[in-house]
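Student: Sharing a structure with you now.
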Amino acid sequence: MKNYFIPLLLIVFVITISGCIANNVNLQIMASSGGTTEPEPGVYYHEEGEELTVVAVPEEGYEFQEWEKLGSSEDCVLNETVCKFNITENSFIAAHFIEKETE
């Protein structure tokens, strides 16, 4: 008799994992030179509909300029440092910084 336990266990595992991640979407965060973001730049996975907050954090001598955004993050105000939105699809957001003008 063949051992069907291992393949069956693998199938159950794959179905279970697929069900757990089926409603997940990703958010890719980037930052130009002169600053970073909170959370830090990277790719994050969230449940669809989850409320997210991304904050632009300029380095000394720089200031936040604007967001570049695609997907759910389109709801963010272009030049506000705090971006809050409900993620409903795979999305991208990048914080852009410029050097402060010296007086």
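Student: If you scan region 80-103, which residues turn out to be without any contact (Cβ under 8 Å) to a residue 40 or more places away in the chain and not in a loop (DSSP other than H, G, I, E, B)?
Tutor: Across region 80-103, the qualifying residues are Val82, Cys83, Lys84, Phe85, Asn86.
Student: Can you tell me how many residues within region 62-79 are assigned to a loop (DSSP other than H, G, I, E, B) and either free of Cβ contacts under 8 Å to residues at least 12 places away in the same chain or under 14 Å from the mean Cα position of the chain (by Cα) (or both)?
Tutor: The number of residues fulfilling the criteria is 2.
Student: Got a sec? Which of Gly34, Gly19 is out of contact with any Lys or Arg (no Cβ under 7 Å at 6 or more places or on another chain) and modelled with pLDDT of 90 or more?
Tutor: From the options Gly34, Gly19, the qualifying one is Gly34.
Student: Which one is surrounded by the most Cβ atoms within 10 Å (Cβ to Cβ) among residues in region 59-102 that are touching a Cys at 6+ places or on another chain (Cβ under 8 Å) and of a type in the set (Val, Ile, Thr)?
Tutor: Ranking the qualifying residues of region 59-102, first place goes to Ile93.
Student: Which residues, counting only those in region 49-61, are in a strand (DSSP E or B) and of a type in the set (Asp, Glu)?
Tutor: Glu51, the sole residue that qualifies.
Student: Out of (1) surrounded by fewer than 16 Cβ atoms within 10 Å (Cβ to Cβ); (2) more than 13 Å from the chain's Cα centre (by Cα), the odd one out for Tyr45 is which?
Tutor: That leaves (2) as the condition not met.
The values are calculated or read from the model by the stated rules, or taken from the named source; none is laboratory data. Please read all numbers here as calculations on a predicted model, not as lab measurements. Methodologically, a virtual Cβ is constructed for each residue, glycine included, from the backbone with ideal geometry; neighbour enumeration extends over all protein chains shown.
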